[in-house]
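What follows is a short report on a single structure.
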Amino acid sequence: MNKTALVTGATSGIGKATAFMLAKHKYNLIITGRRLKRLLEFKNELTEKFNIEVLTLNFDIRNREETKKQIENLPEKFQNIDILINNAGLASGLDLIHEGNIDDWEKMIDTNIKGLLYISRAVMPKMTERKTGHIVNISSIAGKETYLKGNVYCATKHAVESLTKAMRIDMLPYGIKVTSVAPGAVNTEFSLVRLGNKEAADKVYEGYMPLLAQDIADAVEFAITRPPHVNINELLIMPTAQANSSHLHRNE
């Protein structure tokens, strides 16, 4: 019988690449996202290519009651979630903190911290009951360092890092693995969402080879395929051209 994985924010980027990887490993999938058309198209692609069962959940992870309702009403065959990939997250705006847009702040806090907590709180009890499972939180170099104009986004990803460590402690008696995967610059929709301008977003990745979503999916694959006695606590992954959050070498 196939195991089941839930991937949040699965309609693009790291979430989509990770769902593909899990499908190759024959996991039945629960994929979530706000863009219904993309979800349904992705479901069809996965079922046709990999002959697995895929459930789509179209909701906003920032909505606590809706998140709880969606997980509480899962069809029976999808209720025992073996792997939770907390991928849904975003950066919004790039301002100095005294000029920051508070709507941007709340969007990041509600998605990156509260959304992660809502879905985890809904999924974890069945994992602890069964004493098995693996939670993978997609973090960021922004969770390890703070950079200019990163302020609130960095704060949310620092929270993800702290919550990952807390989960690891609290889940320890139940044999549940917990992993943080923290990428540097990845060429996804991240910068487009952050800046709201395709031309500006494209410039973020000019002059060097950034990471690709598949690179992060490969790291998740490594973490989830370790033997039962091995837990990968954290992985920090950078492009070769990036030393840290503030030092990036671009070709002239």
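Per-structure values
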item: Among (1) touching a Pro at 6+ places or on another chain (Cβ under 6 Å); (2) over 20 Å from residue 14 (Cα atoms), the one test that residue 237 misses; result: (2)
item: Any hit, region 167-182, residues being touching a residue at least 24 places away in the same chain (Cβ under 8 Å), assigned to a helix (DSSP H, G or I), closer than 20 Å to residue 236 by Cα and among the charged types (D, E, K, R); result: yes
item: Boolean, residue 159 is closer than 22 Å to residue 115 by Cα and crowded, with 22+ Cβ neighbours inside 10 Å; result: no
item: Only one of 234, 206, 221 that is at pLDDT 95 or above, buried (at least 18 other Cβ atoms within 10 Å of the Cβ) and acidic (Asp, Glu); result: 234
item: Qualifying position, being crowded, with 17+ Cβ neighbours inside 10 Å, in contact with a helix residue (DSSP H, G or I) (Cβ under 6 Å, 6 or more places away or on another chain) and touching a residue at least 60 places away in the same chain (Cβ under 8 Å), among 61, 81, 113; result: 81
item: Enumeration of residues in region 10-35 that are at pLDDT 95 or above, more than 18 Å from residue 74 (Cβ to Cβ) and of a type outside the set (Ser, Thr, Tyr); result: 13, 14, 15, 16, 17, 20, 21, 23, 24, 25, 26
item: Of all residues in region 162-181 being surrounded by fewer than 21 Cβ atoms within 10 Å (Cβ to Cβ) and of a type in the set (D, E, K, R), the one that is farthest from residue 243 (Cα to Cα); result: 170
item: Subset of region 194-234 [part of a helix (DSSP H, G or I) and touching a residue at least 40 places away in the same chain (Cβ under 8 Å)]; result: 194, 195, 213, 214, 216, 217, 218, 220, 221, 223, 224
item: Residue 54 vs. criteria under 23 Å from residue 18 (Cβ atoms), touching a residue at least 12 places away in the same chain (Cβ under 8 Å) and of a type in the set (A, V, I, L, M, F, W, C); result: yes
item: Residue within region 100-113 that is outside any helix (DSSP H, G or I) and over 21 Å from residue 186 (Cα atoms) present; result: yes
item: 3 or more residues of a type in the set (A, V, I, L, M, F, W, C) and under 16 Å from the mean Cα position of the chain (by Cα): qualifying helices (runs of 4 or more DSSP H) within region 1-90; result: 13-24
item: Residue match in region 8-17 (condition: at positive phi and either crowded, with 18+ Cβ neighbours inside 10 Å or of a type in the set (Asp, Glu) (or both)); result: yes
item: Total residues in region 124-150, condition surrounded by fewer than 19 Cβ atoms within 10 Å (Cβ to Cβ) and in contact (Cβ under 8 Å) with a residue 12 or more places away in the chain; result: 11
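The values are calculated or read from the model by the stated rules, or taken from the named source; none is laboratory data. Just so we're clear, the structure is a prediction, and the values are computed from it rather than from any experiment. Every residue, glycine among them, receives a Cβ derived from its backbone with ideal geometry; neighbour counts consider all protein chains shown.
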